[in-house]
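Read through the structure below, which is laid out as structure tokens, and then see the notes.
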Amino acid sequence: MNEEKVYPIENFYDIKMSLRFSTTQSLIEAIKRSQSFEFIQDDKAKQIKAFYSPLWYHTNSKNETNEIISTTSTLPNLSQAFAQTLVVDNIYNNIYTKGNSSDEELSPISEPPSKNFPSKKNIVTPESLVAAKEFFHLINKDSTQKAQILTPLINWFQLHEGLTRKHACENLIYLVNELLIPYFASQARFMKSNHTGRLCWLSNLLKSAHGQHLLNDAARTNREKRKQAVHEIRSNQRSNHPLNEFEWTDPESEMRFYDDEMEGTVNIPKDAPPRPSAEATWNVLSNKWV
């Protein structure tokens, strides 16, 4: 409750999380069923602004009185109003359900596109792309915001993927450049939001099912990239026979080696003669092929 003794729409998300409702819509429906609260609507924006308890809230002007919607007298209108102004936020509860998409996880007070007008989402413009890049550049530049948003993501990748710090940072770079920047650049509301609003939006997104999906996508993509890199390195090693067909030389380290059924990969000294056959093994005591 704020100083005006109302619960503003900006706090709906936090209230829903504290009371353990699965969605903001389910919270609103519970408030309606209780018949203990009333709602304040912005008639111009056709949006619910707040709800309050009549025991605490007292209106002092006619304008405010006209904005009040009674939960007992206009329930049908309320249902329609909520359907138009409150998006189902599908907060992540250990289950990612089919149907969650970037369009479902918008800003804390986002609106779904009207059926009567074409959607403005998923349209990336040069201006929005630059703005999205600048947004994350500012986060990275600010030590406090970086510690609050980016560092925990690196820690998450390192912990859940069992990665080195370097590879966890690579996951974060992919997440930001390839997933988050295009996501925000495609949202029409992004260009209308200030930096503080964008930070709140990003924070809520990362807590959502779609945010978890983006994290998993970044982890999976970079995991495949690392596997492919290892495969290419090994393929390159196994195709490099500068001395003869019975041994290989690593192109980068120039280390000679061969495969042994018992010992696995065995390194060969630089000054050793070429391996004479596929059955020959290097004797470290006599420094000869046996």
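If you scan region 198-246, which residues turn out to be assigned to a helix (DSSP H, G or I) and touching a strand residue (DSSP E or B) at 6+ places or on another chain (Cβ under 9 Å)?
Taking region 198-246 as the starting set, the residues that turn out to be assigned to a helix (DSSP H, G or I) are 198-207, 209-238.
Of everything in region 198-246, those that are assigned to a helix (DSSP H, G or I) and touching a strand residue (DSSP E or B) at 6+ places or on another chain (Cβ under 9 Å) turn out to be Asn204, Lys207, Ala209, Gln237, Arg238.
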- Task: Give the number of residues within region 227-242 that are exposed (fewer than 13 other Cβ atoms within 10 Å of the Cβ) and touching a residue at least 12 places away in the same chain (Cβ under 8 Å).
- Result: 0
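Inspect all residues belonging to region 244-265 and state whether any of them is under 30 Å from Tyr174 (Cα atoms) and either surrounded by fewer than 11 Cβ atoms within 10 Å (Cβ to Cβ) or hydrophobic (A, V, I, L, M, F, W, C) (or both). Quick ask: steps written out before the conclusion?
The first filter runs over region 244-265 and keeps only residues under 30 Å from Tyr174 (Cα atoms), leaving 250-253.
Add one more test, that the residue is either surrounded by fewer than 11 Cβ atoms within 10 Å (Cβ to Cβ) or hydrophobic (A, V, I, L, M, F, W, C) (or both), and what stays is 252-253.
Taking every residue of region 244-265 in turn, at least one turns out to be under 30 Å from Tyr174 (Cα atoms) and either surrounded by fewer than 11 Cβ atoms within 10 Å (Cβ to Cβ) or hydrophobic (A, V, I, L, M, F, W, C) (or both).
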- Examine region 190-203 for a residue that is surrounded by fewer than 17 Cβ atoms within 10 Å (Cβ to Cβ) and more than 16 Å from Ile139 (Cβ to Cβ), and state whether such a residue exists. yes
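Could you please find all residues in region 15-46 being under 23 Å from the mean Cα position of the chain (by Cα) and either among the charged types (D, E, K, R) or in a helix (DSSP H, G or I) (or both)? Steps first, please.
Taking region 15-46 first, the residues under 23 Å from the mean Cα position of the chain (by Cα) are 15-18, 20-25.
Result: Ile15, Lys16, Met17, Ser18, Arg20, Thr24, Gln25.
Condition first: closer than 13 Å to Lys49 by Cβ and either touching a strand residue (DSSP E or B) at 6+ places or on another chain (Cβ under 7 Å) or in a helix (DSSP H, G or I) (or both). Now tell me which residues in region 1-14 satisfy that.
Filtering region 1-14 for residues closer than 13 Å to Lys49 by Cβ gives 2, 4, 6-12.
Asn2, Val6, Tyr7, Pro8, Ile9, Glu10, Asn11, Phe12 - these are the residues of region 1-14 that are closer than 13 Å to Lys49 by Cβ and either touching a strand residue (DSSP E or B) at 6+ places or on another chain (Cβ under 7 Å) or in a helix (DSSP H, G or I) (or both).
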- Options Lys120, Lys166: the member that is basic (Lys, Arg) and modelled with pLDDT of 90 or more: Lys166
- The residue that is modelled with the lowest pLDDT, considering only those in region 15-48 that are under 21 Å from Cys200 (Cβ atoms), surrounded by 12 or more Cβ atoms within 10 Å (Cβ to Cβ) and out of contact with any helix residue (DSSP H, G or I) (no Cβ under 6 Å at 6 or more places or on another chain), is Asp42
- Query: Is it fair to say Gly211 is in contact with a Pro (Cβ under 9 Å, 6 or more places away or on another chain) and modelled with pLDDT of 90 or more?
  - Reply: no
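The values are calculated or read from the model by the stated rules, or taken from the named source; none is laboratory data. Since this is a predicted model, take the numbers as computed values, not measurements. Here Cβ is always computed from backbone atoms with ideal geometry, including for glycine, and neighbour counts include all displayed protein chains.
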